[in-house]
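Structure first, commentary second.
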Amino acid sequence: MNNKILVITATLGDRDTLKRTIESVASIGKDDVKHIVIAPQNKCESISNMYNITCIPELEGKKGIYAAINHGFQNYATDYKYITFINDDDFWLPEYRVLIDTILQDKYDLVYGKTKYFDEKGKVITEQSCSGRFKDFVPLLRAGVVMLTQQATIIKSEWYFRLNGFDESYKLVADSKFWALLSLGNIKYKYFNKCCAGYTIQEGQLSSDRITQNIENQRMLNELPQKSIFIIFVAKVMFRLYNLNLYLKRLLFKRKLDNPFC
């Protein structure tokens, strides 16, 4: 098999943006990736024919994005050394190619970059704040900072299986829990201060359910190791200092910090 990276997209099949997602993965990933879409049974044939892509049905009786993503990885990830996933309203940017070329050197368990936030009309909102201190993921979570999002990541598939995939008891933050657990492992990683993927902010998306998100965040934190106030403080200060130029740029051009995740 020539493809080395498995990419999963879970969808209900009713978003026009799926076309942009598929085209971005194909144009940037080229022959290094295999992109598989997970969708309801009644949408698979039309998606497969429309986009000339492998589309498999979600498991009957199992709903939710994490169940669909797990289904895809559990069935296919053993055939691929590296994996990632991307939502049907998000897309890769040209700099994502840096992540691909780096992970294929087989030196790292995780490579990641930043995302750029767009509105529904394709207008840039802001860049994501991020840093190369991946080991600070848990203390930053406890400080209310989400360090990265999955759109600009690639990991070795073995880590997906080591961590038992995504916790399907969560509706919104199973990916954050996964990254938190990964950050506690003995992994080799590399960060690129580049915007590698686009993240679309729109009304009605799952992440806009702040009540459920807050409840799940608290439950997740209860399941993760405790960190001292000092460690949390240092992690947050280092993160803010690293992103100081970005914060100043937001204030200068937008008159506000304008980041929905920090």
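The values are calculated or read from the model by the stated rules, or taken from the named source; none is laboratory data. Given the structure is predicted, the values throughout are model-derived calculations rather than measurements. Cβ: placed from backbone, ideal geometry, glycine included. Neighbour counts: every protein chain shown. The accessibility values were calculated without ligands, DNA or RNA, using every heavy atom of the protein model including side chains. Shrake-Rupley method; radii C 1.70, N 1.55, O 1.52, S 1.80 Å.
Which members of region 157-184 meet the condition of being among the charged types (D, E, K, R) and over 14 Å from the mean Cα position of the chain (by Cα)?
Of everything in region 157-184, those that are among the charged types (D, E, K, R) and over 14 Å from the mean Cα position of the chain (by Cα) turn out to be Glu158, Arg162, Asp167, Glu168, Lys171.
Looking only at region 25-43, which residues are open to solvent by 10 Å² or more (accessible area, probe 1.4 Å) and in contact with a strand residue (DSSP E or B) (Cβ under 6 Å, 6 or more places away or on another chain)?
Ile28, Asp32, Val33, Lys34, His35, Gln41
Okay, residues lined up against (1) assigned to a helix (DSSP H, G or I); (2) modelled with pLDDT of 95 or more; (3) among the small types (Gly, Ala, Ser):
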position	(1), (2), (3)
Val138	yes, yes, no
Tyr160	yes, yes, no
Leu172	no, no, no
Leu181	yes, yes, no
Phe192	no, yes, no
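Condition check: open to solvent by 10 Å² or more (accessible area, probe 1.4 Å), farther than 17 Å from Gly185 by Cβ, among the β-branched types (Val, Ile, Thr) and part of a loop (DSSP other than H, G, I, E, B). Does Val146 satisfy that?
In short, yes.
Could you list, in sequence order, all residues of region 228-243 that are within 9 Å of Pro139 (Cβ to Cβ), open to solvent by 70 Å² or more (accessible area, probe 1.4 Å) and either out of contact with any Leu (no Cβ under 7 Å at 6 or more places or on another chain) or β-branched (Val, Ile, Thr) (or both)?
The answer is Ile231, Phe233.
Being in contact (Cβ under 8 Å) with a residue 12 or more places away in the chain and assigned to a strand (DSSP E or B): is that true of Ile154 here?
yes
When region 224-262 is examined, which residues are found to be modelled with pLDDT under 85 and closer than 23 Å to Ala180 by Cβ?
Passing the criteria: Asn259, Pro260, Phe261, Cys262.
Does Phe73 meet the test of being closer than 28 Å to Phe239 by Cα, open to solvent by less than 50 Å² (accessible area, probe 1.4 Å) and not aliphatic (A, V, I, L, M)?
When the stated conditions are applied, Phe73 does not pass them.
Take the residues of region 27-79 that are of a type in the set (Gly, Ala, Ser) and part of a helix (DSSP H, G or I): which is farthest from Thr153 (Cα to Cα)?
Ranking the qualifying residues of region 27-79, first place goes to Ser46.
When you scan region 80-91, do you find a residue that is surrounded by fewer than 18 Cβ atoms within 10 Å (Cβ to Cβ) and in contact (Cβ under 8 Å) with a residue 12 or more places away in the chain, even just one?
Yes, region 80-91 contains at least one residue that is surrounded by fewer than 18 Cβ atoms within 10 Å (Cβ to Cβ) and in contact (Cβ under 8 Å) with a residue 12 or more places away in the chain.
For region 92-107, which residues satisfy the criterion of being in a helix (DSSP H, G or I) and either of a type in the set (D, E, K, R) or surrounded by fewer than 21 Cβ atoms within 10 Å (Cβ to Cβ) (or both)?
Arg97, Val98, Asp101, Thr102
Restricted to region 5-26, and to residues that are hydroxyl-bearing (Ser, Thr, Tyr) and not in a strand (DSSP E or B), which residue is farthest from the chain's Cα centre (by Cα)?
Once the filter is applied, the top-ranked residue is Thr17.
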